[in-house]
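Accompanying notes for the structure given below.
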Amino acid sequence: MSAPAEALVDLDAYRANLARLREAAPNAAQMAVVKADAYGHGAIEVSAAAREAGAEWLGVATIEEARTLRRAGDTGPLLAWLNPAGADLAPAIDAGVDMAAGSVEQLDAVLAAGASARPRVHLKVDTGMARGGVRGAELTALLAAAAAAQRAGRIEIAGIFSHFACADEPASPVNGAQEHAFTEAVDELSSFDVERPLRHLANSAAALTRPNAHLDAVRVGIASYGLSPGPALGTPAQLGLTPVMTLRTALALVRRVPPGTGVSYGHTYVTKRETTLGLIPVGYGDGILRAASNRASALVNGELVPVAGRVCMDQIVLDLGDTPASRGDEVVLFGSGRLGEPLAEDWAEAASTIGYEVVTRLGGRIARRHVGAIPTTTGSGG
Ligand SMILES: *Cc1c(COP(=O)(O)O)cnc(C)c1O
């Protein structure tokens with residue numbers, strides 16, 4: 001390990017998770033969501049693995065993310081769902097990337113992009129999340145404008161989609177209401193004499209729990225990385241998922257200290273007895289959440305040991321107690337849990353956030369290493 005820390009990404013586990021999600025939603029196409037550098041796992045390698053596993057679609061947020069995948073050789077169906085003001089959409093459209101339009105203005109941006117290829121557009125409906133997309137009269141205007149543009153040969157309506165606000169709370173009545181609103185939007189599109197395009201609504205949580213929402217494609221992100229979409233759905237193991245990423249480093253300094261030793265900034269941790277402190281060379285500058293100060297644990301030589309004091313920018317102190325340890329010993333911050341190490345979910349709970357943030361934030365000086373049979377070429381999908 002030449003970098004201070006390493007994120008091991010197990011592509012076999014990733015493919016197994018996609019297979020598990022396929023089992024959960026057998027009649028829908030699978031859109032592997034690889035936005036934000038595949039939730040911190042490395043978009044190029046993960047995308048190739050997704051294609052190899054049979055994912056019909058890839059989904060990303062930004063045009064730039066989509067173009068990165070094209071430059072890496074991916075040629076399959078690919079949707080980029082952010083349509084920001086001022087973005088230059090033409091290169092992505094010409095690279096065969098499907099665009100999203102969540103309002104008439106966003107559709108106009110696609111029409112005005114000046115691409116040589118005819119843009120393929122997915123219409124974004126606000127069914128209750130009130131994030132992207134529109135509803136009511138604005139939706140009617142979007143559907144009408146898209147239908148007219150398609151009749152004029154200026155776009156192809158390739159999809160219609162929406163996003164759940166509460167799918168990680170399976171009992172929430174919002175889910176059923178959103179499904180209902182989505183069905184109505186699809187019907188309304190048909191009323192403009194448009195052939196029904198790809199309908200997609202489900203994220204990971206809905207792929208795992210709401211067969212009624214599977215429709216034509218499911219957009220799976222977090223569960224494909226082996227994390228639970230939320231505590232109400234259970235642990236990764238209960239969901240049949242294997243965490244893909246292991247974050248590990250090595251002890252840089254090990255020393256005995258007396259009782260009453262204040263540790264790290266602010267001395268928010270004070271040793272109660274003589275103990276061993278272990279220093280690891282990672283911190284919030286690498287995306288480790290500072291809110292996990294004094295709350296998270298790591299695995300060292302088979303023992304779970306607590307973070308002692310504040311997470312610093314580049315360093316964290318662990319209280320090793322009487323665990324035998326020396327400089328260079330491996331420290332696993334989180335991983336699959338196979339060896340008793342914490343899960344990303346445990347760090348999330350410690351930092352009062354979600355597992356998504358724990359893995360996606362990692363960056364900076366952490367080296368990513370992909371293990372498991374690594375595809376040598378990017379697939380063409382389908
Ligand atoms: C991020 C995202 C997803 C994936 O959600 P997960 O909960 O990670 O499965 C799906 N659709 C859209 C629009 C998203 O932004």
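Just for strands (runs of 3 or more DSSP E) wholly inside segment 277-382: which have at least 2 residues that are over 13 Å from R248 (Cβ atoms)?
Here the list reads 303-306, 316-321.
Test G266 against the criterion of being part of a loop (DSSP other than H, G, I, E, B), surrounded by fewer than 20 Cβ atoms within 10 Å (Cβ to Cβ), on the phi > 0 side of the Ramachandran plot and modelled with pLDDT of 95 or more, and give yes or no.
no
When residues of segment 155-173 are filtered for being within 15 Å of the ligand (Cβ to nearest atom), farther than 14 Å from R135 by Cβ, free of Cβ contacts under 8 Å to residues at least 60 places away in the same chain and hydrophobic (A, V, I, L, M, F, W, C), how many remain?
2
Which of the following residues is polar (S, T, N, Q), modelled with pLDDT of 95 or more and within 13 Å of the ligand (Cβ to nearest atom): N203, N212?
One residue alone meets the criteria, N203.
Within segment 119-134, restricting attention to residues that are within 10 Å of the ligand (Cβ to nearest atom) and in a loop (DSSP other than H, G, I, E, B), which residue is surrounded by the most Cβ atoms within 10 Å (Cβ to Cβ)?
Top of the filtered list is G133.
Which one of these is more than 19 Å from the chain's Cα centre (by Cα), without any contact (Cβ under 8 Å) to a residue 60 or more places away in the chain and buried (at least 18 other Cβ atoms within 10 Å of the Cβ): R295, R310, R338?
Going through R295, R310, R338 in turn, just one is more than 19 Å from the chain's Cα centre (by Cα), without any contact (Cβ under 8 Å) to a residue 60 or more places away in the chain and buried (at least 18 other Cβ atoms within 10 Å of the Cβ): R310.
Looking at (1) more than 23 Å from the chain's Cα centre (by Cα); (2) outside any strand (DSSP E or B); (3) more than 16 Å from the ligand (Cβ to nearest atom), which one does A185 not meet, given that it meets all the others?
(3)
Does segment 35-57 hold any residues that are within 12 Å of the ligand (Cβ to nearest atom) and either surrounded by fewer than 24 Cβ atoms within 10 Å (Cβ to Cβ) or under 19 Å from D216 (Cα atoms) (or both), and which are they?
Selection gives K35, A36, W57.
Give just the number: which of (1) surrounded by fewer than 20 Cβ atoms within 10 Å (Cβ to Cβ); (2) within 16 Å of the ligand (Cβ to nearest atom) does A144 not satisfy?
Here A144 clears every test but (2).
Please specify each residue of segment 83-97 satisfying the condition of being within 16 Å of the ligand (Cβ to nearest atom) and touching a residue at least 24 places away in the same chain (Cβ under 8 Å).
Answer for segment 83-97, where residues must be within 16 Å of the ligand (Cβ to nearest atom) and touching a residue at least 24 places away in the same chain (Cβ under 8 Å): N83, V97.
With the structure loaded, tell me whether A29 is within 16 Å of the ligand (Cβ to nearest atom) and either under 21 Å from T360 (Cβ atoms) or surrounded by fewer than 22 Cβ atoms within 10 Å (Cβ to Cβ) (or both) or whether it fails that test.
yes
Taking segment 215-227, which residues are more than 10 Å from the ligand (Cβ to nearest atom) and over 24 Å from A181 (Cβ atoms)?
Result: G226, single match.
Looking at segment 370-377, can you tell me whether even one residue there is surrounded by fewer than 18 Cβ atoms within 10 Å (Cβ to Cβ), among the polar types (S, T, N, Q) and more than 22 Å from V46 (Cβ to Cβ)?
Checking segment 370-377: not a single residue is surrounded by fewer than 18 Cβ atoms within 10 Å (Cβ to Cβ), among the polar types (S, T, N, Q) and more than 22 Å from V46 (Cβ to Cβ).
The values are calculated or read from the model by the stated rules, or taken from the named source; none is laboratory data. Just so it is clear, the structure is predicted and the values come from calculations on it, not from any experiment. When we count neighbours, we look across all protein chains shown, and the Cβ atoms used for this are built from the backbone with ideal geometry, even at glycine.
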